[in-house]
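This report refers to the structure that appears directly beneath it.
The values are calculated or read from the model by the stated rules, or taken from the named source; none is laboratory data. Bear in mind that the values here come from a model prediction, so they are computed numbers and not experimental data. Cβ coordinates were reconstructed from backbone atoms using ideal geometry, including for glycine residues, and neighbour counts include every protein chain displayed. The accessibility values were calculated without ligands, DNA or RNA, using every heavy atom of the protein model including side chains. Shrake-Rupley method; radii C 1.70, N 1.55, O 1.52, S 1.80 Å.
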Amino acid sequence: MNHVAFDVPADKIEEYVEKLKAKGLNPTRLLNHDDSQYQVSRTMHPGVFVRSVYFMDPNGILLEFACWTKGFDESDVSHRPA
């Protein structure tokens, strides 16, 4: 297992990052996942589909808070399932 991800509300993720810091945890910076070359953007923009932050729990397990920022439909599918 690489990590466990929790779906959080998009309007709460920045608040949750601050709460993690207040508890003495060291979360990553907030990542804006997109379709760019590096699959991550430093800024929020319309192409961002997930925002997430990673952190370790006290037992050393990698956790992620993630929120969807874009809805998907059939137009987002670029190939047929195998």
Handout entry: Which numbered condition residue 48 misses (of (1) out of contact with any Asp or Glu (no Cβ under 6 Å at 6 or more places or on another chain); (2) open to solvent by less than 50 Å² (accessible area, probe 1.4 Å))
Key = (1)
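Quick one: in segment 24-45, of everything that is open to solvent by 70 Å² or more (accessible area, probe 1.4 Å) and either among the basic types (Lys, Arg) or in contact with a Lys or Arg (Cβ under 6 Å, 6 or more places away or on another chain) (or both), which residue is farthest from residue 7 (Cα to Cα)?
Only one residue tops the list, namely 42.
Name the single residue, out of those in segment 51-72 being in a loop (DSSP other than H, G, I, E, B) and under 18 Å from residue 10 (Cβ atoms), that is most open to solvent (accessible area, probe 1.4 Å).
We begin by selecting, within segment 51-72, every residue in a loop (DSSP other than H, G, I, E, B); these are 57-61, 69-72.
Subsequent filtering for residues that are under 18 Å from residue 10 (Cβ atoms) retains 69-72.
Numbers: 69: 51, 70: 79, 71: 65, 72: 109 Å².
This residue is 72.
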